[in-house]
Amino acid sequence: MRRGELYRVEKPHAREPKRFRVFVVVSRQALIDSRFSTVVCAPVYSTRHGLATQVDVGPNEGLHHDSSVHCDELVSLRKSQLTQFVGSLDAAKLQRLEDALKVALGCSAAKEN
C-alpha cells in the first residue's frame, strides 16, 4: 500500500448511502508501513466543485468516470478494508493532493476557492 493509491471500499461507514466508495490513501508512508491498523484516506465523489481542497481524478487513475478527491472529508479506515485496488495518482496528481491537503488543514497560505 502506498500514499496516493485508490481503493474501492465496501460500505465504509454505516451512514454511507452507497454500497461502495473509492478512497485515496493520504497518510504518510511511515504510518502506512507501520503496525498501526488504520490509515487516513480521502473519499472520491463524482461531484466536482473546483475547490482548492479537491483534486480531479478519472479514468487515468482507474476510475470509470471523472470524479474528485475531497480533502475536506478525511476519514480513518482500517488497512484491512483497503483490498480492492483501483489505481494510483501520478507524481503531478500526488503533488496536487498534497497542496489540497495543506489547504484543507490550514497548513498553507494558498487562497481557497
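Quick note: the coordinates plus some simple rules give every number you see, no bench work behind them. For clarity, every value in this text was computed on a predicted model and none was experimentally measured. Heads up, the Cβs are rebuilt from the backbone with ideal geometry, glycines too, and the neighbour counts pull from every protein chain shown.
Given a Förster radius of 25 Å and the C-beta distance between VAL75 and LEU105 as r, what FRET efficiency does 1/(1 + (r/R0)^6) yield to the nearest 0.05? Present the calculation step by step, with values, prior to reporting the outcome.
Details: r = 14 Å, r/R0 = 0.56.
The computed FRET efficiency comes out at 0.95.
Each label point is 7 Å from the Cα along the Cα-to-Cβ direction; what then is the distance between the points at GLN29 and HIS65, in nm?
Taking the simple label geometry, GLN29 and HIS65 are separated by 3.5 nm.
Relative contact order, percent, of the chain when contacts are C-alpha pairs under 8 Å separated by at least 6 residues?
28 percent
Quick one: how many lysine pairs does the chain have with C-alpha atoms less than 28 Å apart and a gap of 8 or more or different chains? Give me the count, please.
10
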